[in-house]
Amino acid sequence: MTSRPGTGQLVYLEDIAQRRLLAIIRADGPDRALRCIRTLVHAGVTALEVSLTTPGALDALARARSQCPPGVLLGAGTVLTADQADAASAAGAGFVVTPGITPGARRAAANGTPLLCGALSPTEVIAALDLGAMAVKVFPAGLHGPGYLRELRAPLPEAPLVAVGGVDARTAPEYLAAGAVAVGVGSPLIGVAGTTDTPQAYDDLAGRAAQFLEAVAPGRGAGRDRRQETR
C-alpha cells in the first residue's frame, strides 16, 4: 500500500498540476540559468526546476527566488545526496526533484520538503510514493511513450505521475491524456539558451515556451480530470 503525502506535499502537487508544465533548466552557469528563468517566467511558465548539473545552480536558484514574483514555483533537480537536498532548501528551492530514490530523496522526504521522485517500474513508483513523494517523475518517459503511463495507472490509479524525458510539444498532450498530472521538459524547451548567450536564443526560448503552454492548455489532455483525483 502506498502512503499519502503530507499537507505541504499535496498543496505543491496541486500547484504543479494546475500549471501542467515543469521547465527543466540545465545551463553552463548561474547567469545563463537565471536568464532562462527570467525568459520563461516572462513567457508565462511558472513551474521551473534548475538541475544541479548546472554549475552554480544553487546560486541561480537563490537569485531567482528573490527576483521572481509570488506564485512562481522554483525547485532543484538532479538531487542525489542528502547534503544537496539540504543545500537546495537553504537556497530557497520550494521542491526537490530526484532521478530515483536517492539519499537526497530520503532527506527531502524526512524534512517534509515537497519531493518529485524519479521512478520507472511499478515497483519503483510504489517505493517512491511509500517514501512520501508528492508525485513520481516517470523517467525516462519517452522510453515507452504515453501508453506506458496509461498502463501504470491501471493498477495505481491514484498515483500522481509527471512524465519527464523525451516529451516534446507534440507528445505533451498525449502524456496528459494518458493520466500525467504534468509534464517536465528540458532540452526540447530550453534549446541552446542554456549555453548560448544571444538575444535570438532567448527569443527562441520564449517562442518555444508559448508552444508548450499551448500544448498543455486544459482541453488538450486529461489533466483537468486527473487533478480532481489528487484532492
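Coordinate-derived values only; no laboratory data. Note that the structure is a prediction, hence the values are computed from the model and not measured. In this analysis, Cβ positions are derived from the backbone assuming ideal geometry, glycine residues included, and neighbour counts consider all displayed protein chains.
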> What nm value, rounded to one decimal, do you get for the distance between Val11 and Gln200 when each label is placed 7 Å out toward the C-beta?
Replying inline: 4.5
>> If you average the alpha carbon positions of region 62-118 and of region 176-212, how far apart do those two centres end up, in angstrom?
In response: 21
> Per the Cauchy relation, a quarter of the hull surface: what is the mean projected area of the convex hull of the alpha carbons in region 7-230, in nm²?
Replying inline: 10.4
> Can you give the helix-only mean residue ellipticity at 222 nm for the chain, where every DSSP H stretch with n ≥ 4 adds -39500 (n - 2.57) and the sum goes over all residues, rounded to the nearest 500 deg cm²/dmol?
Replying inline: -14000 deg cm²/dmol
>> Using a Gaussian network model on the chain with a 10 Å cutoff between Cα atoms, which of Ser187, Ser121, Ser51 fluctuates the most?
In response: Ser121
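Using a 10 Å cut-off on Cβ atoms, rank the peptides 201-212, 37-48 from the highest mean neighbour count down.
Those peptides, ordered most packed to least, come out 37-48, 201-212.
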> All other residues with a Cβ under 13 Å from the Cβ of Val125 taken together, and with Lys, Arg as +1 and Asp, Glu as -1, what is their net charge?
Replying inline: -2
> Of the beta bridges DSSP finds with both residues in the chain, what % are antiparallel, to the nearest 5?
Replying inline: 0
>> Between Ser66 and Ala90, what is the label-point separation in nm under the 7 Å Cα-to-beta-carbon projection?
In response: 1.6
> Counting other Cβ atoms within 10 Å, which trypsin sites (Lys or Arg not before Pro) in region 108-176 have at most 16 and lie in a DSSP loop?
Replying inline: Arg170
